[in-house]
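Read the structure below first, then the notes.
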Amino acid sequence: MSVKDFKVRSTIFQNGRKFGDIGAYERLAGIVEFEIDPDIVCNSVITDIKNTATNSNGKVEFSSDIIILRPRDASKRNGKIFLDVVNRGRPTIIRMTDVQSGPDPIPTAQNNSLFDNQVAPYSTIDSFYSYPEIDNAGPFPGDGWLLMQGYTLVFCGWQHDVLPSGDLLRLRAPIVQTEGSAVSGKVLCLYEPIIPGNVMLLTSSLGNAPVNVYPAVDVNEPTAILTVRDHYFGPSRTIDRDRWTFARETDNGEIQQDARFVYYKDGFESGKLYEVIYTASDAMVSGLGFAAIRDVVSFLRYGSATINSPLNESIDYAFTFGASQSGRFLRHFMYLGMNTDEEARIVFDGIHVHIAGARLIENNWRFGQPAHLSPYSPVNLFPYADIEQIEPVTGQTDSILKEMFKSKKIPKIISTNSSFEYWGNAAALTHVSLDGSKDLEIPENVRIYLISGTQHSAGPVQLTNLGLRGRAVGYLNSIDYRPFIRACIKNLDRWVSEGSVPPDSLYPRVDDKTGVMRDSLRELYESFPGPNIAANLLPFGRLEFDKYSEYKTYPLLVPELKEPYADIVSAVDIDGNEIAGVRLPDISVPLATYTGWNQVLDSSSDIPMFLTGSTIVFPKDGHLNDPRKSINQRYKSKDDYLNKIKTEAIKLSNSGYILHDDIENIVQKSDERWDEFTQLSG
């Protein structure tokens, strides 16, 4: 057991707000300190764990921020831990399960009374033992559905590059050292500007988001390279070294040397892909994030002979949820065998992996960037599926769950993906052979669901074309799939605690032709108004990196894309709506064509809009340039439409894909959607 100390302070959550019959919640916030034995076999999978400083006990020290929410009334606690793998330091699971806004305003730094009843002690020195300033950290419950279930919710920092902040949970990991000195190495950073500018942060994080970056060792490094491409794996053009420098622009317009930024005199253009390769320092033992999650849950669940648990209660089961980056973390967590603790006990009984696609996470490589999302990253390497496969060129045999099956500590797993993950993150490779010729066997402990016709995150009723990378050609996808996520959480709990088998997996299959190659759908979509499928969709195939060392330290430079893998997506009906997967009422009783892709507006390189899909509204009345039936041809009236919505929602509820309690909410949102769409249609 690597937990060394657990320092938390108890306060009343949200001024005592009551969450249904469960009542008020207590909030425990603070820091958990670890010292991990690098010589234990199960810890050897952590890259560079033996290349860092140890304490007098020969152990590696690190720490994480932590928040625990639990019902104040002990009799209302359900005896189950639900750990939310925070995304870039922020909680996600409550936002993913709240379908209504809450009664209280979201707290800010100026209004933190909803989070704490006293001022937190704060150290301006970011030392190993400093108390974390996390009084403004989430979660921010809306309708609070998850809290109404009585879980003890746990949020723990695992990501080494999260910035010190009052509202982010982070991991404090030690620096990689050899012979007592910090190591250096080549790093690749990618930048896709949303708007033109002259400054790039040295990170491959989404949208150039601020993170702790690897600084350049030498701001005058002559061998550092900056290139530009029109799209991934397209031809690159090297930018002359005298046109850029490691620097940033100050508030008064001066150019100041800075080892964390690149300043480009000619300016970065939106729609282009920039790559900088340079020598960096201060690599962290980032894989300790996996140990932090494993060991904090093991400690809370099983206790310790030497340290008092802040819970002081019996825990029957433990669950976890991770979305997007955090879902990829959970896939990698399972792949490394981390769901078994140092004493060979199971950590999580139930695991919900959401919108992760087929990827892992760049959290166990030297100079890794956990937020790295590009196809250049080693997170895109084989394996992808839960069962063993053979990579046909390399002959490698591997699977995501191989270590779990070896340990015989096997959790129940639900994997959910939006349509975007099939179009942009190769989600089909989790259940289809690499060449797309056959469906793979799905283990009995796994359920896989495509949420038909959806984008990466749940969409709002209100239509907009403003996305993460500027404006899209068409409206973003507006399907709110959160009622389905609620049902998945209920189903996972019942599967683990009661042995109640969840509904069947639903996803595109090769054998029944509901899974097709994505390019086969271009002609149909081109007949509709609105966005077309972008020409430069993200490729996915076998990658070759130049080097591979004993520490799994890929240089993280641009690999060569070799043989492509199958890009299977769901087949569609005549309206362009997906046939496979869980078809929510938006799809079965449609007012629009919904896709998992969109296109950047005014893009010279014809690139897809990242993480977003489309809502292509049907015409209200017939339209000569639109082959799809109009809204008025489909439905006699708004009431007719809403009655059909309710009928489909009841069917889904009876099958276990949504909860009965969410039917009326779905009808209400459909009522709003009718008004929104019929006003804008045509």
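Throughout, read-outs are computed from the coordinates displayed, never taken from laboratory work. All values derive from a computational prediction rather than experimental measurement. Note that we place each Cβ from the backbone using ideal geometry, even for glycine, and neighbour counts take in every protein chain shown.
Over the chain, what is the relative contact order in whole percent, taking alpha-carbon pairs under 8 Å and six or more residues apart? Mind dumping the intermediate values first?
Numbers: 1641 pairs, mean separation 78.8, N = 682.
Once divided by the residue count of the chain, the mean separation gives 12 percent.
Would you please state which residues of the stretch 440-468 a label at Arg634 would reach in this model, taking the label point 7 Å out along Cα→Cβ and a backbone N cut-off of under 11 Å?
none
Which lysines have a Cα less than 24 Å from the Cα of Lys629, not counting those fewer than 8 places away in the same chain?
Straight-line reach from Lys629, under 24 Å: Lys620, Lys638, Lys644, Lys646, Lys669.
For the stretch 184-281, build the charge dipole from Cβ charges (+1 Lys, Arg; -1 Asp, Glu) around the Cα centre, then report which of Asn220, Thr203, Ile255 sits farthest towards its positive end.
Checking the options against the dipole of the stretch 184-281, the answer is Thr203.
Among Ser56, Ser407, what is the fewest-to-most ranking by other Cβ atoms within 10 Å?
On the way: Ser56 5, Ser407 15.
Going from least to most buried by this count: Ser56, Ser407.
Quick check on the exposure proxy: order Ser415, Ser630 from fewest to most C-beta atoms within 10 angstrom.
The most exposed by this proxy come first: Ser630, Ser415.
Based on the Cβ-Cβ distance from Ile387 to Glu254, what FRET efficiency comes out when R0 is 56 Å, to the nearest 0.05?
My answer for the efficiency is 0.45.
Hey, can you grab everything whose amide H is under 5 Å from the amide H of Leu83? Only 5+ residues off in sequence or another chain; H modelled, so Pro and N-termini drop out.
The answer is Val154, Phe319, Thr320, Phe321.
Roughly how many nanometres apart are two label points built 7 Å out from the Cα toward the Cβ at Ser655 and Asp546?
Simple spin-label model gives 5.1 nm for this pair.
Considering only Gln396, Gly459, Gln100, whose Cα is most displaced toward the positive end of the charge dipole of the chain, charges sitting on Cβ of Lys, Arg (+1) and Asp, Glu (-1)?
Farthest towards the positive end: Gln100.
Taking the Cα centre of the chain as the origin, how large is its charge dipole in debye, to the nearest 20, when only Lys and Arg (+1) and Asp and Glu (-1) carry charge on their Cβ atoms?
That gives a dipole near 900 debye.
Less than 19 Å apart at the alpha-carbon level, and either on another chain or at least 8 residues along: which aspartates and glutamates does that give for Lys80?
Once the sequence-local aspartates and glutamates are set aside, what remains near Lys80 is Asp21, Glu26, Asp295, Glu313, Asp316, Asp341, Asp349, Asp493, Glu498.
Give me the number: length gained by fully extending Asp73 to Glu563, i.e. 0.36 nm times residue separation minus the C-alpha to C-alpha distance, one decimal in nm. If you can, show how the numbers build up before the last one.
Numbers: separation 490, 0.36 × 490 = 176.40 nm, distance 5.77 nm.
Full-extension gain reported as 170.6 nm.
At Ser520 and Thr178, where each label point lies 7 Å from the Cα along Cα→Cβ, what is the point-to-point distance in nanometres?
If labels sit at Ser520 and Thr178, their model points lie 5.0 nm apart.
Spelling out what I want: for every residue of the stretch 442-447, take phi, set θ = phi - 60°, compute 6.51 cos²θ - 1.76 cosθ + 1.60 (Karplus), and round to whole Hz; glycine and proline get x.
9, x, 5, 8, 10, 10
Would you please state which residues of the stretch 420-441 a label at Asp511 would reach in this model, taking the label point 7 Å out along Cα→Cβ and a backbone N cut-off of under 12 Å?
438-441
With a Förster radius of 60 Å, plug the Cβ-Cβ distance of Ser527 and Ala53 into 1/(1 + (r/R0)^6) and report the FRET value to the nearest 0.05.
0.45
So what's the back-of-envelope 222 nm ellipticity for the chain, counting only DSSP H runs of four-plus at -39500 (n - 2.57) apiece and dividing by all residues, rounded to 500?
About -4500 deg cm²/dmol.
Apply the membrane-span-like helix rule to the chain: whole DSSP H runs, Cα extent along the own long axis of at least 18 Å, mean Kyte-Doolittle hydropathy at least -0.5. List the helices found.
Helices meeting the span and hydropathy rule in the chain are 288-302, 482-497.
Which of Lys408, Lys50 has the fewest other C-beta atoms within 10 Å, and how do the rest follow up to the most?
On the way: Lys408 9, Lys50 14.
Lowest count first: Lys408, Lys50.
For a label point 7 angstrom out from the Cα of Thr227 toward its Cβ, which stretches of the stretch 340-381 have the backbone nitrogen within less than 16 Å?
Correct set: 374-378.
Quick one, can you get me the convex hull of the C-alpha atoms of the stretch 184-281 expressed as volume per residue in Å³?
Details: hull volume 9.5 nm³, N = 98.
It comes to 97 Å³ per residue, whole-number rounded.
Under the rule that an exposed site lies in a DSSP loop and has at most 13 other Cβ atoms within 10 Å, name the longest stretch of the chain with no chymotrypsin sites (Phe, Trp or Tyr not before Pro) of that kind, not counting the sites themselves.
It runs 130-547.
Report the calculated FRET efficiency for Asn625 and Arg494 (r = Cβ-Cβ distance, R0 = 51 Å), to the nearest 0.05. List each step's numbers first, then the result.
Working: r = 49 Å, r/R0 = 0.96.
E(calc), rounded to 0.05, equals 0.55.
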